[in-house]
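Worksheet for the structure shown next.
Each value in this text was obtained by applying a stated rule to the coordinates, not by laboratory testing. Small disclaimer: the values here were computed from a predicted structure and weren't measured. Cβ placement follows ideal geometry from the backbone for every residue including glycine, while neighbour counts extend to all protein chains displayed.
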Amino acid sequence: MIKAIFFDIDGTLVSFKTHEISRTTLDALYALKEKGIRLFIASGRHLLIMDNLSGFPFDGYVCMNGALVFDQGEMIYSRPLDRDDADAVIGLVEENRIPCVIFAEKEIVINLHNELTDRVFEMIHLPKPEPVPFSGYLGKPVCQFTIFLNGEKEEKMLRPILRHSVTARWHPEFTDIDPENISKAEGIARIIERYGISREEVMAFGDGGNDIEMLRYAGTGVAMGNAAPDVRASADYVTASVDDDGIVHAFRHFGLL
């Protein structure tokens, strides 16, 4: 029996085309909430930029791939990046003029904007943060970076300087940098422990590389039809795409609606 469901946002709950949850999916979420199923977000986003959820009352939020976790409005977990790794990333992006976003517990800043960052912020329908020098963040807690590098440059420039951090790519043009041994799955585990829910009673939906661990962790992992092949291979079931109300199709497939 499914008692809790966790959803990625971009490309899963929210279409890149419309930047919102479809009316059909919203109606289904409310129907499941009425049945007593707990509904959560599990996203690479910071809570401060989850502004495309149509006001739906989710029970909690696994943020920044598990680095920050909230349940019923309470922050129950915070895990900053290794300080040496964070300082090394700041040095890399400042020296090479690489656009990068810093996510702290209570703020979001960027070092510079260019055509790529403008396109990405428009794609995910977010306001652009004001550029600030990153030198002021040396030695300070950073929960996550989003760095605008493609996969090839990530391997050559970024991975060699990371000792206690990992990357999670959910778009070809940028990647997140997270603490090692952190994932959406870890965030899910911390939430369901509070409710006495087992992982077999959890369903999770995702479409990106940073969703693979949670799809494998959940008793029922569902990949969207628009997901990459490795994500689909990690799931128990592949549903329709986000633009074809894939979440609702999966709810019906598993008898939740």
> What nm value, rounded to one decimal, do you get for the distance between ASP243 and GLN72 when each label is placed 7 Å out toward the C-beta?
Replying inline: 4.1
>> Ranking request for peptides 239-251, 43-55: highest mean number of other beta-carbon atoms within 10 Å first, then the rest in descending order.
In response: 239-251, 43-55
> Going through the range 167-226, which chymotrypsin sites (Phe, Trp or Tyr not before Pro) have at most 15 other Cβ atoms within 10 Å and a DSSP loop state?
Replying inline: none
>> Taking θ = phi - 60°, what integer Hz values does the Karplus form 6.51 cos²θ - 1.76 cosθ + 1.60 yield along the range 213-220, in sequence order, with x for Gly and Pro?
In response: 4, 6, 5, 6, 6, 5, x, 10
> By how many nm would the segment from THR24 to MET157 lengthen if fully extended, with 0.36 nm per residue of separation less the alpha-carbon distance?
Replying inline: 43.5 nm
>> Starting from the Kirkwood Rh over alpha-carbon pairs, what translational D in µm² s⁻¹ does the chain have by Stokes-Einstein at 20 °C and 1.002 mPa s?
In response: 116
> Sorting GLU173, GLU115 on the 10 Å Cβ count, fewest up front, what's the list?
Replying inline: GLU115, GLU173
> What residues have an amide H closer than 5 Å to that of HIS46, excluding those fewer than 5 places away on the same chain, when H is modeled at 1.01 Å from N in the peptide plane?
Replying inline: MET64
> Between ARG194 and LEU138, what length in nm is gained on full extension when 0.36 nm per residue of separation is reduced by their alpha carbon distance?
Replying inline: 16.7 nm
> For the peptides 19-26, 35-42, what is the packing order when you average, over each peptide's residues, the other Cβ atoms within 10 Å and list the highest mean first?
Replying inline: 35-42, 19-26
>> 5 Å is the cut-off here: which amide hydrogens, built 1.01 Å from N in the peptide plane, fall below it relative to ARG169, excluding neighbours closer than 5 in sequence?
In response: ASP176, ASN210
>> Is there a quick way to get the dipole size of the range 83-179? I mean about its Cα centre, with the Cβ of Lys and Arg at +1 and of Asp and Glu at -1; what is the value in debye to the nearest 20?
In response: 120
> Can you work out ³J(HN,Hα) from phi for every residue in the range 23-37, in order, using Karplus 6.51 cos²θ - 1.76 cosθ + 1.60 and θ = phi - 60°, giving whole Hz and x for Gly and Pro?
Replying inline: 4, 5, 5, 4, 4, 5, 4, 4, 5, 5, 5, 4, 7, x, 7
> For LYS106 and ASN181 in the same chain, what is the full-extension length gain: residue separation times 0.36 nm, less their Cα-Cα distance, in nm?
Replying inline: 24.8 nm
> Around TYR77, which amide H atoms from residues at least 5 apart in sequence, or from another chain, sit under 5 Å from its own amide H, with H modelled in the peptide plane?
Replying inline: VAL69
> Could you give me the ³J(HN,Hα) list for the range 203-209, computed from phi with Karplus coefficients 6.51, -1.76, 1.60 and θ = phi - 60°, whole Hz, x at Gly and Pro?
Replying inline: 10, 9, 10, x, 9, x, x
> Farthest toward the dipole's positive end in the chain, which of LEU48, GLN72, PHE7, given Cβ charges of +1 (Lys, Arg) and -1 (Asp, Glu) about the Cα centre?
Replying inline: GLN72
